[in-house]
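This report concerns only the one structure given below.
The numbers here are math on the coordinates, done by the rules we state, and not lab data. Note that the structure is a prediction, hence the values are computed from the model and not measured. Cβ atoms come from the backbone with ideal geometry, glycine included; neighbour counts cover every protein chain shown.
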Amino acid sequence: MAYTLTKDLITSNSMIDSQHQQLFDAINALLDACSKGQGRAEIGKTLDFLSKYVDKHFSDEEKLQKQYGYPGYEQHHKYHEEYKKIIRELQQELSQNGANIALVAKVNTAIGGWLVNHIKREDLKMAQFIRENQN
Ligand SMILES: [Fe+2]
């Protein structure tokens with residue numbers, strides 16, 4: 001099932017929301033490549049794109065947090081680092097073992113599911129703080 005940016009995931013910060021949409025698109029493209037049984041190289045490309053986009057998104061988001069003196073920055077940064085580590089592990093697994101059911105399951109839970117939870121628990125809170133501290 002494809003990931004969608006449902007109403008409960010909208011932070012109302014247009015930069016963050018549009019980047020989250022791109023991330024969901026990238027996760028869906030990765031899952032699609034896996035489910036179509038595409039080769040390691042093709043799947044690898046979609047995973048590399050996701051990885052690069054995650055780096056960009058987290059760095060943009062963290063810049064915003066620092067700019068507004070968000071008190072939850074340190075913890076939020078740690079969550080982002082954990083996610084980046086999971087993606088790096090997936091890249092290694094893919095290059096070593098290719099795409100298999102375990103990898104697809106991990107993409108669903110550790111990548112897609114994680115992002116949905118992170119938006120609900122962390123990003124909504126952070127975007128609200130930024131909104132309240134904007135002049
Ligand atoms: Fe975040």
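Brief remarks follow.
- Overall Cα dimensions of the range 51-99, principal axis frame, Å, largest first: 43, 18, 9
- Calculated log₁₀ intensity ratio I(q)/I(0) where the Debye formula runs over C-alpha points of the range 16-64, q = 0.17, 0.23, 0.30 Å⁻¹: -0.50, -0.77, -1.05
- Residue 122-residue 36 FRET efficiency (beta carbon distance; Förster radius 30 Å; 0.05 resolution): 0.40
- Dipole of the range 13-113 computed with +1 at Lys/Arg Cβ and -1 at Asp/Glu Cβ about the Cα centre; of 37, 86, 68, farthest Cα towards the positive end is 37.
- Counting only alpha carbon atoms, the long axis of helix 14-35 and the longest principal axis of the chain meet at about 10°.
- Chain lengthening between residue 67 and residue 14 when straightened (0.36 nm per residue, less Cα-Cα): 17.4 nm
- Computed from backbone phi with θ = phi - 60° and the Karplus coefficients 6.51, -1.76 and 1.60, the 3J(HN,Hα) list for the range 87-99 is 5, 4, 5, 4, 4, 5, 4, 4, 6, 7, 10, x, 7 Hz; x is used for glycine and proline.
- Tally of Lys pairs whose C-alpha atoms are under 19 Å apart, taken over the chain, 8 or more apart or cross-chain: 27
- Our note on the geometry: Cα centres of the range 104-135 and the range 19-71, 13 Å apart.
- Rh by Kirkwood over Cα pairs, then Stokes-Einstein D for the chain at 1.306 mPa s and 10 °C, µm²/s: 103
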